[in-house]
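Worksheet for the structure shown next.
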Ligand code: BTN
């Protein structure tokens, strides 16, 4: 993990390099108030993370692709109503998985909500044991560790509600056209995956349930970068044809998720959020195939029931509820 002081220097260095021009080590060192060696070390560090930099003797360094690092000062401008939460946000430079990190830190977490973001995950995890490709500085890798006062049975729809929060955030960001949710909570744009959510129930005590909510959103990842992802995917940069500042998206996302968690905590019925979910159901009335306990099931998507289980209309007319965790959608058509 990069120490905090170094991280703020790293952010400033990357900001200076964002103008597509060359900058010599001496000028960068002077502007940052550090030594040329320290600048060189940070440049090596960025290269080590896979950041593409051009270095020409006499001219200095230039970023080949745009890059803006995660910056708490930019993120917190979106969380003015959640001041206390800002203290609980940790931004790492690289970690195996933000979900795993928060799980390992549980004993130190005194408050109901702790948040972790990172520039890169070396062992990012997806649902059903899959991995989540997490290149440096490109996307959002965000986890929230939440001590809910609810029992597990009361958190049935949580993973779907987080999907709704992500959709609300994307809308606030200005993207709604063509966005949908593939049960339970994959966020799709047209027929390409944009974001995924991994909700892990860590423990249930008499006082409530400890949950880790992980969100991965493709922001500035480009197809030219040849991501090892075996399904069709997109990113916000692909959708908008513009490099995006992840800090804005993180701020909006956190605000939307925290609002949903507060609703749950105040025992508001999830009905409104689940009704919102149904508006985005890309599988509704579509012929789909599910793998369920190692078996393949085919049917027509009929939305969800009150528990958030997918309803499949089978050939014999039966409506089969499929619970999360055991079920994965193998194919679908939009
Ligand atoms: C999926 O669609 O399979 C879920 C992907 C969830 C990925 C996020 S990235 C942040 C958090 N840390 C992880 O290791 N996974 C989640």
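Coordinate-derived values only; no laboratory data. Computed from a predicted model, the values in this text were never measured in an experiment. Glycine also receives a Cβ, built like all others from the backbone with ideal geometry; neighbour counts cover every protein chain displayed.
Tabulated data for the structure shown
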item: Length-normalised contact order for the chain - Cα pairs under 8 Å, 6+ apart - percent; result: 14
item: Cβ-based exposure ranking for 19, 96, in which fewest neighbours within 10 Å come first; result: 19, 96
item: Computed over region 1-75: relative contact order in percent, which uses C-alpha pairs under 8 Å that are six or more apart; result: 38
item: Computed label-point distance, nm, for sites residue 207 and residue 313 using a 7 Å Cα→Cβ extension; result: 4.8
item: Theoretical gain in end-to-end length, residue 108 to residue 231 [0.36 nm per residue, Cα-Cα removed]; result: 40.5 nm
item: For a label point 7 Å along the Cα-to-beta-carbon line of residue 52, residues of region 210-240 with backbone N under 17 Å; result: 219-228, 235, 237-238
item: Shape of the chain, Cα gyration tensor, a/c cut at 1.5; result: prolate
item: Ellipticity estimate at 222 nm from DSSP helix runs (n ≥ 4, -39,500 (n - 2.57)) divided over the chain, nearest 500; result: -9000 deg cm²/dmol
item: Alpha carbon centroid spacing (whole Å) that separates region 127-191 from region 47-73; result: 30
item: Exposure proxy ranking, count of Cβ atoms within 10 Å, fewest first, for 289, 80; result: 80, 289
item: Nearest 10 degrees, 0 to 90: helix 4-17 Cα axis against the chain principal axis; result: 80
item: Fewest-first ranking of 239, 221, using other Cβ atoms within 10 Å as the exposure measure; result: 239, 221
